Amino acid sequence: MLELKQTQKLSPVLTQQLQQAIRLLQLSKLELVEAIELEMKENPILEITEEEPREEAEEKESQDEKREMEELLERYSPSEEFFPAEDREAPDYENMVRKTYNLRDHLRWQIGLSDFSPRERVVAEWIIENIDDNGYLICSLEEISRDSGLPVEVLEPVLRKVQRLEPAGVGARDLKECVLIQYEASGEKDPVFENVVANHFDLFQHNNLRGIAKATGFPLERIKEVFEKIKSFDPKPGRNFSDEFISYVVPDVYVVKGEEGFDIALNNDDIPELRMSRYYLELATDRKVSGETKRYIKNKMKQAEWFIKSIQQRQRTLFLVAQSIVNFQREFFENGLRSLRPLILKDVAQDVGVHESTVSRITTSKYMSTPHGVYEMKFFFPTSINKGEGDPLSTNVVMDLIAELVKKEDKRKPLTDDEIAHILKSRHDINIARRTVAKYREILNIRSSRERTVID
């Protein structure tokens, strides 16, 4: 018995073009620019749109020839929807902060999660801006006071709060203070250590252990223990955030608070506008050109047209997905991390009208600049934790609550994972297992309760 089957088969060229369009979706901005440069090398039809001075010879062209050429160029030039004309109102990029996650950004992020009042955050910003890459405050509070107009009495307590942030030792004014901050953060209590650092730190810097023993009356072996403890602290606590360790991130999307909500703009800097070469378009209609050459040109024209459209589609999809994220996560953009809600790719895909895989690809290796910092676009799709009543919370919010509980706990009797789970249930109606608390605690680099215990 014969069975007839109807199959649909894509041509190899179309398949290759679709693969190219899909690949462009998931490229980072830098990779996209590289892909454009490579395509231009392989396809002579493509060229960068540039404003050219009008030649006198151009004025002599017949109106019919000019109209025909304009129609061709209009057909194969980028649309203004994705590459705005110069007279269209564009965001003020110079006033947008292109953040990189360096030490100062890390401190700002912690301040956003800590109990700094709005006034203290303003003061802290003056302090943070004067902390160098090694983590030291490079200006005296008197100098900052002169520049900011803030009294030293206001700066001093905020500096102490900044000095309690991570990495331990940050905000110190000298090595001695850096060591003392790290010692305090360790939770240890050692009178010998405190005596040596407070009164004989200059002798320590010259490795004069015997001089310290003689001055203090403590045994030399005890002084050596203090010496080893001091050496265990990091003399440059901010160096792990210094430039050579930073992966610089340039946002693909800017989200800025406007008068009527949030304005969204794509970062098209360095992405060249492409068009068909006038020279090759003329050759395609020249009767003197051989048929083989015309076929080659027309084939390259199709490839160029598809490439330009693929880039436009990439930018359009990126904009629409970013717009959808802002709509779904509006409370985050208004209030910050604590307001981040659970979100899945399917929600955005349905909102935009594309497949989930398209949303996954377009948010890969893309970054969004927000009023609260720069985040990878995948960040806006956190998983959820169920509550007894009300809307579920994102895992980011739950981890933030765990970090806050640990920060405020009694260091002599730290909270166990079971106790944290119980508090989350009783105070916030969050149902979470002990092992889940342990997992989130490990992600946050928080030690176990036993390791956090401080003995007086």
- Write out, first by first residue and then by second, each pair whose Cβ atoms fall under 6 Å of each other, whose residues are 6+ apart or on separate chains, and whose first residue, in segment 161-189, is over 13 Å from PRO235 (Cβ atoms) and without any contact (Cβ under 8 Å) to a residue 40 or more places away in the chain while the second is part of a loop (DSSP other than H, G, I, E, B) and among the hydrophobic types (A, V, I, L, M, F, W, C). ALA185/ALA168
- Given (1) at pLDDT below 90; (2) in contact with a strand residue (DSSP E or B) (Cβ under 8 Å, 6 or more places away or on another chain); (3) aliphatic (A, V, I, L, M); (4) assigned to a loop (DSSP other than H, G, I, E, B), index of the condition LEU107 fails: (4)
- Test: residue in segment 251-272 that is assigned to a strand (DSSP E or B), touching a residue at least 40 places away in the same chain (Cβ under 8 Å), within 22 Å of ALA21 (Cβ to Cβ) and not assigned by TED's automatic domain parsing to the domain that holds ILE22: yes
- Query: Which of the residues belonging to segment 256-303 are closer than 25 Å to ILE36 by Cβ, of a type in the set (A, V, I, L, M) and touching a Phe, Trp or Tyr at 6+ places or on another chain (Cβ under 8 Å)?
  - Reply: ILE264, ALA265, LEU266, LEU274, MET276, LEU281, ILE297, MET301
- Query: Yes or no: PRO237 at pLDDT below 90 and touching a Cys at 6+ places or on another chain (Cβ under 8 Å)?
  - Reply: yes
- Query: Going by the conditions given, is LEU415 at pLDDT 85 or above, of a type in the set (A, V, I, L, M) and not in a loop (DSSP other than H, G, I, E, B)?
  - Reply: no
- Subset of segment 420-456 (residues that are surrounded by 15 or more Cβ atoms within 10 Å (Cβ to Cβ), touching a residue at least 24 places away in the same chain (Cβ under 8 Å) and in contact with a Lys or Arg (Cβ under 9 Å, 6 or more places away or on another chain)): HIS428, ILE430, ILE432, ARG441, ILE446, SER449, ARG452
- Query: Can you tell me which residue in segment 318-358 is farthest from VAL374 (Cα to Cα), limited to those that are buried (at least 19 other Cβ atoms within 10 Å of the Cβ) and hydroxyl-bearing (Ser, Thr, Tyr)?
  - Reply: THR358
- Being touching a Ser or Thr at 6+ places or on another chain (Cβ under 9 Å) and either under 18 Å from GLY171 (Cα atoms) or at pLDDT 85 or above (or both), is that true of even one residue in segment 90-101? yes
- Task: Output the residue which, of all residues in segment 379-396 that are part of a loop (DSSP other than H, G, I, E, B) and either within 19 Å of the chain's Cα centre (by Cα) or modelled with pLDDT of 70 or more (or both), is nearest to ASN431 (Cα to Cα).
- Result: THR383
- Item | Subset of segment 167-201 (residues that are of a type in the set (Lys, Arg) and within 21 Å of GLU143 (Cα to Cα)) | ARG173, LYS176
- Message: Scan segment 360-377 and tell me whether some residue there is assigned to a loop (DSSP other than H, G, I, E, B), under 22 Å from TYR440 (Cα atoms) and modelled with pLDDT of 85 or more.
- Response: no
- Message: Restricting to segment 319-340, name every residue that is out of contact with any helix residue (DSSP H, G or I) (no Cβ under 7 Å at 6 or more places or on another chain) and not acidic (Asp, Glu).
- Response: PHE319, ALA322, GLN323, ASN327, ARG330, ASN335
- Task: Could you give me the residue pairs with C-beta distances under 6 Å whose first residue belongs to segment 102-116 and is in contact (Cβ under 8 Å) with a residue 24 or more places away in the chain and of a type in the set (Lys, Arg), whose second residue is in a helix (DSSP H, G or I) and crowded, with 16+ Cβ neighbours inside 10 Å wherever it lies, and which are 6+ apart or on separate chains?
- Result: ARG104/ILE128
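The values are calculated or read from the model by the stated rules, or taken from the named source; none is laboratory data. Please read all numbers here as calculations on a predicted model, not as lab measurements. So basically every Cβ, Gly included, is an ideal-geometry build from the backbone, and we count neighbours across all protein chains shown.
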